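Enquirer: Quick one: the structure is below, questions incoming.
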Amino acid sequence: RVPMIQSALFAVGVLGLAVGALASIKSTGQAALGAIILWGTPVLVNEGARELADVPLAFFMLATVVLIYFYVLHKKPALIALAGLSAGFAAWTKNEGGLFVVAVGVALTIAFFRQKPFRVLFFYALGLTSPFAITLYFKLFLAPPSDVLSSGAAKSLQQILDLSRHAEIIKFFWNQFIRFGSWTGISLAIGVFPILLTYFLLFRSPIQAQHRRAYIAGITILVVQALGDYAVYLITPYDLNWHLSYSGQRIVLQVFPLITFLILCASQAPETVFESNQIGANHAARH
């Protein structure tokens, strides 16, 4: 029961972290909307009660980007060091966390390219060093070799050139984009991502200049993470259909809270939307 409780605590932590960050950056209403989206999506709640590491990994990914966002706003180096620590814990948690460490490094380099990124990368590495060093020691000296990359160069090249594998992977994740959420009981035809995208397109807010680097970093992390996961599926030694079915939804779950956070940060808060509608209604009534 201890692993189950631990995973459930991380699920609660994801909610608390997202709500707290959105309340600080946007508004209480936006934080409440984030809570509804996250805990109104059954897959997050269901996986939060299972003895798997995907929800803890989602927590550390979200924490890292939230800390980067706060660094962009407040320019305190300790926040980047804490982001490095959180990324290190992500690598400690699961293999995908190792890719995440690289993705964050690339994202910080791109986001702060015009502001001498070496200082930012130094503090990131400072926070990353301790957990990542322990993880590397475990991977190199204690853990068995990874079987995901065991196909060999010749077979991997053959898999990369197989267009049917690309088509199968793209089709699977397109379906995840359309249907992710596991709302099986009420048979919804669409998942949470189209709803989030529609909300963003209807109520997006102008990105302030001081916030821009946070979005650049967040989007870069998502792109690098997606490309890395895509490459792993492309050269997996396992049956591709089985591997996608077994882990694909959980791969999406790992970045779901992060995507929700970024979209809500880039969208108008409910208070602003309703205030604008009320002003428009009053103006129409006077005429």
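Enquirer: Using θ = phi - 60° and the Karplus form 6.51 cos²θ - 1.76 cosθ + 1.60, what ³J(HN,Hα) does each residue of segment 249-256 get, whole Hz, x for Gly and Pro?
Expert: Running phi through 6.51 cos²θ - 1.76 cosθ + 1.60 with θ = phi - 60° gives 5, 5, 4, 5, 4, 4, 9, 4 Hz.
Enquirer: Given an 8 Å cut-off on Cα distances and at least 6 residues of separation, report the relative contact order of segment 2-286 as a percent. Could the numbers behind the result be given before it?
Expert: Values: 351 pairs, mean separation 72.7, N = 285.
With pairs under 8 Å counted, the relative contact order is 25 percent.
Enquirer: Counting only other residues whose beta carbon sits under 15 Å from that of P206, what net charge do I get with K and R as +1, D and E as -1? Walk me through the numbers on the way to the answer.
Expert: Working: positive: K26, R204, R212; negative: none.
Its environment carries a net charge of +3.
Enquirer: Which distance in nm do the two modelled labels at F200 and K116 give, with both placed 7 Å along the Cα-to-Cβ direction?
Expert: Between F200 and K116, the label points sit 3.4 nm apart.
Enquirer: Which of F138, C265, L33 sits farthest toward the positive end of the charge dipole of segment 2-286, with +1 on the Cβ of Lys and Arg and -1 on the Cβ of Asp and Glu?
Expert: Farthest towards the positive pole: C265.
Enquirer: Here is a follow-up. Quick one: Kirkwood hydrodynamic radius for segment 2-286, alpha-carbon pairs, angstrom, one decimal? Spell out each step's value before the answer.
Expert: On the way: mean 1/r = 0.0496 Å⁻¹.
Every distinct Cα pair counted, the radius reaches 20.2 Å.
Enquirer: Given the rule -39500 (n - 2.57) for each run of at least 4 DSSP H residues, summed and divided by the residues of the chain, what is its mean residue ellipticity at 222 nm, to the nearest 500 deg cm²/dmol? Display every interim value, and only then the final one.
Expert: Values: 13 runs with 222 residues, N = 287.
For the chain, the value works out to -26000 deg cm²/dmol.
Enquirer: Could you estimate the translational diffusion coefficient of segment 1-127 from the Stokes-Einstein equation, with Rh from the Kirkwood formula over C-alpha pairs, at 25 °C and 0.890 mPa s, in whole µm²/s? Walk me through the numbers on the way to the answer.
Expert: Numbers: Rh = 15.2 Å.
The calculation lands on 161 µm²/s.
Enquirer: Among P194, L222, S205, which residue has its Cα furthest toward the positive end of the charge dipole of the chain, with +1 on Lys/Arg Cβ and -1 on Asp/Glu Cβ?
Expert: So the residue we want is S205.
Enquirer: While we're looking at this one, here's another question. First select every other residue whose beta carbon is under 14 angstrom from the beta carbon of L52; then total the charges, Lys and Arg +1, Asp and Glu -1.
Expert: On the way: positive: R50, K94, R250; negative: E47, E51, D54, E96.
Summing Lys and Arg as +1 and Asp and Glu as -1 gives -1.
Enquirer: Search the structure for amide H atoms under 5 Å from the amide H of S267, placed 1.01 Å from N in the peptide plane, and list their residues when 5 or more places away or on another chain.
Expert: For S267, whose amide H was placed from the backbone, the distant partners under 5 Å are S205.
Enquirer: Here's another thing I want to ask about it. So for the pair A78, Q208, with labels modelled 7 Å out along Cα→Cβ, what separation do we get in nm?
Expert: Taking the simple label geometry, A78 and Q208 are separated by 2.3 nm.
Enquirer: So, in Å, what gap is there between the alpha-carbon centers of segment 225-258 and segment 17-58?
Expert: After rounding, the separation between the Cα centres reads 21 Å.
Enquirer: Same structure, new question: Of G88, G40, G105, which has the largest mean-square fluctuation in a 10 Å C-alpha GNM of the chain?
Expert: It is G40.
Enquirer: I've got another one for you. Do any GluC sites (Glu not before Pro) in segment 1-102 lie in a loop, going by DSSP, with at most 14 other beta-carbon atoms within 10 Å of their beta carbon, and if so which? It would help to have the intermediate numbers written out before the result.
Expert: Numbers: sites: E47, E51, E96; in loops: E51.
For GluC sites (Glu not before Pro) across segment 1-102 that sit outside H, G, I, E and B with at most 14 neighbouring Cβ atoms in 10 Å, the list reads E51.
Enquirer: Pairing the Cα long axis of helix 2-25 with the longest principal axis of the chain, what angle in degrees results, from 0 to 90 and rounded to the nearest 10?
Expert: Between helix and principal axis, roughly 40 degrees.
FYI, it's all coordinate maths here, none of it is from the lab. Just so you know, these numbers come straight off a predicted model, no measurement behind them. Using ideal geometry, Cβ is built from the backbone for each residue, glycine included, and neighbour counts are taken over all protein chains shown.
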